[in-house]
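A short write-up of the structure that comes next.
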């Protein structure tokens, strides 16, 4: 369709609207939003500004643009033609101003200089080239008034001048300039799609009113109103901050393996071939292997001895299972000093009944294990010097059969610590035999898969191994089994395991692995800590999960996690606190006071995400919170109060604008009522005079 056809249509008013203003204030994007219905993301809006001019011939070449130019304002059909211009002050724009019906004068609310240029340059230029043309003042980029300026500045080009908080102009600044010039004032945001229709519809009204003065015979222009008031823009509520959980610092397999090589807090020693000694930790072995669990549990609980017939029966079964091992059951080491070891009842395992005194020496403290399991000779306790800390401590000594070699046995222990097996292990056959003897069936299957070229199946075995180990560790924590340290708290005590704590927490590693006195003590006092919070911390260190309970005080847990330098636990506690507060709020429970109490405590204990959520809640519910807890709000730190004033919703500038809008709206309504009365009186007088003449 030809562009000139609009000029030929009856009762269709063609309006030429010229858009002027400084560079980078948003003129072209405002035109594109109206003419092309363009929507832009914040990233596109913040991209590097390139001076452009929207071509007027778009109305000729683009049917969609031409269709969008047509509108109906106050029952008048119009065709709006937008003219874009360069923002450079020295450019010649007299052609653009020619035969213009209305001029839209733009400035940026984030650039005070652009508003100053409205008076000093642009308005004077407009009145020079088209003195009788109506002008509309428009403040662009309204969304920057409530945007996060730090994020905006980061997203802009590196050399761009940063936008400062003091650069943002309040609405009254633009309104004052508009009042001084005697022109209407509007604000727009292309990002929020706000004010675009208001600007151009009222520009059309201003143009039609000006045309009505010259073409008074056009009756369809009589209903055109003067430019209407613009309701203030209520910025949307900022979304609540999302609690981000950092990557879980799972206990490093290398750390557990290192603990085996450098046995801090070791409580068991294996003697192999009468000369090799390997230190280890009961908790790692017992939670990874049922065989070792039964062995160490016998020592912890004690059990009656069983008769020789049952022992021989069990020994025969063991010989059938591992006939390739010839273990000397009569071997004896009377020189090893030990504590008496009793056997637990058969409830834990049938094999627990197989422990008996070594033959020929019933008074010896060393107890024979030859009938209990192949590969084991005896077990006892004695005082040993730790090879790392050089401190003397009681150690459970387990003497292994001479046929058990040190290298494959160390590989089995490495697997029990880490759950990993090197596929390039040399002596897989010997390793499989020892795994069979020690009943480490996961390792035996993994070795078999490697030998059968099916190593890919080991991944599932490893997962199942870690699940079982985690469950056993949690069970040991609950029952205090194999514990080697007791924490003395304000309201009780909790048993724990130094090796697991050393690998799970740097704070605990420094305390138990360094030169502190706690490293050699079996009891450690932790003042100002309650049992519930400490239990939650230990549960986390053992399982990497937060186990919450009704008695748990989230803030006390956060304080303790901060004390132990556990940022991941802090994040989990923050998430739990936010979920509980949100759930209570959705249930209709008032949480304003609780959020206020959380705020500064969360900030003090480095729970920054919880503090940010509390700040967001207080700001978005500021009127409600302030009306109930005005004293508490005023008692907050100056930084927090400054944050409240800056981010409160609705913002102060909106409340002022809403008040001004309502006041001016009432004034206009009164004026319209008075004007209608005046018109009705004139009509009535004219009717009476006509009747008299008649």
What tally of residues in the range 180-221 results from selecting those that are surrounded by 13 or more Cβ atoms within 10 Å (Cβ to Cβ) and part of a helix (DSSP H, G or I)?
20
Look at residue 208 and say whether it is at pLDDT 90 or above and within 22 Å of residue 172 (Cβ to Cβ).
no
Condition broken by residue 161, with the remaining ones in (1) surrounded by fewer than 21 Cβ atoms within 10 Å (Cβ to Cβ); (2) in contact with a strand residue (DSSP E or B) (Cβ under 6 Å, 6 or more places away or on another chain); (3) within 21 Å of residue 146 (Cα to Cα) satisfied
(2)
Do we find a residue being modelled with pLDDT under 60, surrounded by 15 or more Cβ atoms within 10 Å (Cβ to Cβ) and assigned to a loop (DSSP other than H, G, I, E, B) anywhere in the range 249-272?
yes
Kindly indicate whether residue 38 is in the same structural domain as residue 78 (by the TED database), surrounded by fewer than 18 Cβ atoms within 10 Å (Cβ to Cβ) and at pLDDT 80 or above.
yes
Qualifying residues in the range 593-627 (those that are in contact with a helix residue (DSSP H, G or I) (Cβ under 6 Å, 6 or more places away or on another chain) and surrounded by fewer than 18 Cβ atoms within 10 Å (Cβ to Cβ)) - the one nearest to residue 236 (Cα to Cα)
626
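Can you tell which of 603, 575 is closer than 27 Å to residue 489 by Cα, assigned by the TED database to the domain that holds residue 633 and within 19 Å of the chain's Cα centre (by Cα)?
Every option except 603 fails the conditions.
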Condition first: in contact (Cβ under 8 Å) with a residue 60 or more places away in the chain, surrounded by 20 or more Cβ atoms within 10 Å (Cβ to Cβ) and touching a strand residue (DSSP E or B) at 6+ places or on another chain (Cβ under 8 Å). Now tell me which residues in the range 492-546 satisfy that.
497, 498, 512, 538
Subset of the range 550-586, residues closer than 19 Å to residue 473 by Cβ and free of Cβ contacts under 8 Å to residues at least 60 places away in the same chain, comes to 564, 569
Which ones in the range 407-426 are in a loop (DSSP other than H, G, I, E, B) and either modelled with pLDDT of 90 or more or under 39 Å from the mean Cα position of the chain (by Cα) (or both)?
419, 420, 421, 422, 423
Of the conditions (1) touching a residue at least 24 places away in the same chain (Cβ under 8 Å); (2) more than 23 Å from residue 160 (Cβ to Cβ); (3) out of contact with any helix residue (DSSP H, G or I) (no Cβ under 8 Å at 6 or more places or on another chain); (4) not in a loop (DSSP other than H, G, I, E, B), the single one that residue 123 does not satisfy is (3)
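Among the residues of the range 67-104, how many are loosely packed, with under 15 Cβ neighbours inside 10 Å and not in a strand (DSSP E or B)?
11
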From the list 445, 400, which one is free of Cβ contacts under 8 Å to residues at least 40 places away in the same chain and touching a helix residue (DSSP H, G or I) at 6+ places or on another chain (Cβ under 9 Å)?
445
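The values are calculated or read from the model by the stated rules, or taken from the named source; none is laboratory data. Model, not experiment: these values are computed from the prediction. Please note: Cβ atoms are built from the backbone with ideal geometry, for glycine as well, and neighbour counts cover all protein chains shown.
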